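The values are calculated or read from the model by the stated rules, or taken from the named source; none is laboratory data. Model, not experiment: these values are computed from the prediction. Cβ sites come from the backbone with ideal geometry, for glycine too, and all protein chains shown count toward neighbours. All accessible areas refer to the heavy atoms of the entire protein, side chains included, with ligands and DNA or RNA removed. Shrake-Rupley method; radii C 1.70, N 1.55, O 1.52, S 1.80 Å.
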Amino acid sequence: MIEKPSQDNDNNSDKIKSISDTKPPFSVPFSFRKGGKDILEDILEKKSDQQNATWKKDDWQKAIKVTQDYISAALNAKRVSFLLGAGCSSFKEDNKELGIPTMVPMAQEFINSKKNNSNFNLLKKLGIDIQTYNLNLEPLMEVLFSAQKALQNTPKQKLKNIVDNAIKDVKDFILNYFQDNTNKHNTVINLYQQFYQKLIFRDRALPRPWIFTTNYDLFNEQAMDRLGIPYCNGFSGVIERYFNPSVFRYSLGQQLDISSRHWEPVDHFVYLCKLHGSISWQESEENTSLFPIKERQPRESDTSAEPAPVLIYPTPMKQSAGLGSPYVDLFREFHKQIVCEQSVLFAIGYSFSDEHINNIIFQALTIPNFRLIILIDKDKFESGVVKTLFGLNDPRIWIISDNDTQTNQGTDKQKAYHFETFIKHFMPVQPKEDSIDEIIRHTIERLLKESKKSKN
């Protein structure tokens, strides 16, 4: 169980019915809700003028310090896992996208690319106006798959071909977008590097952290490769790397004494689990492995004979797709890590739109000492799963979000729920010393002082 010093345990005094009820009578830089209560309200200075409430410049630093203390305590739980969604790979600077956009802007880009495509516009013959679905590629795919199902037994082959081609267009667009942009965004890769640089200093006596992600990109792998951090992603081999779920049971060790054959686990080690697949995964047609999923570099070969990457596309069949290999093994690991005692899950950049993932998180919430820490846009509170989670008024659920005030010292460029904010402000700035190392250091200092006194 994670406990924060001087932590307020009175979380059931007020039942929260809506977000508007929780708006404080004064302005705070951002919201940190523990259960239904914003803990920053009691810490930051309350203003007497409620109508013209503003927060002082140093309130941002106070809020950062409080949040960092809570996050630091959570990072030292027995088991720590991260669920990184599309928002972690999306990074904007001066209104320019420097990463991989989420499905919303990607949908608009896709639709713009199809405006002059006469074959795609023929979808209107079915009464489907693609402009209606420019908010997200997922609802568009849901409509297309529904149309495909409805036309399954119709003799009108031309209409069936239109829908089939439209589905293929969406899949090809997503795949090509990721393949074309995976090596172009050093800004985002540098951000991931900062994340792993802080994460690997977790207490060496605790189990290694797990990173679960729904993203297809290779930012995690590129960041750890550049830092020289060893990691396990479920594949084994050197020349030919095939999926092998048993490697998730392995731990990397270093030999300290050859004569005694004494081994110790390597501190800087991470488990990476890509729940929806990767652009570097391909289904092998060769029967050389029990799990015919091969890992290779994207664009290593662009011949038409190459099999397509193994991905779970944003379609209504995402949940059923997760029942096949290798996804059933990946979701088993996700379940195993979070549905257990003393486990903490950080959900960052994740919109809670995947039912198959949400169900596992719900199971984890049945464990009394499980903690769920969510960083999310305040607009997500108004509906869906996050609103339900917030309504539970459960102190084990921490939600960090922006609010009606600007967050970063008068600018709106950096919100509290951004991956960048979490890394630069909420993760501990300096790694805490191991207790044993600290005792040794203090002992040496004391002996030196006593030695000087005896000489004098």
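Peptides 146-158, 166-178 ranked from most to least packed by the mean count of surrounding Cβ atoms within 10 Å: 166-178, 146-158. Working from label points 7 Å from Cα in the Cα-to-Cβ sense, the Asp69 to Asp42 distance is 1.2 nm. From most to least packed by mean Cβ count within 10 Å, the peptides 70-78, 211-219 give 211-219, 70-78.
For region 163-206, with only Lys/Arg (+1) and Asp/Glu (-1) charged at the beta-carbon, what is the dipole magnitude about the Cα centre, in debye rounded to 20? Spell out each step's value before the answer.
Details: 6 positive and 5 negative charges, 75 e Å.
The dipole magnitude comes to about 360 debye.
Heavy-atom accessible area, probed at 1.4 angstrom with all protein chains present, ranks Glu109, Glu355 as Glu355, Glu109, highest first. Computed with a 1.4 Å probe over protein heavy atoms only, the accessible surface of region 163-228 comes to 38 Å² per residue. Peptide packing for 237-247, 331-341 was compared via the average number of neighbouring C-beta atoms within 10 Å per residue; ordered from the highest value, the list is 331-341, 237-247.
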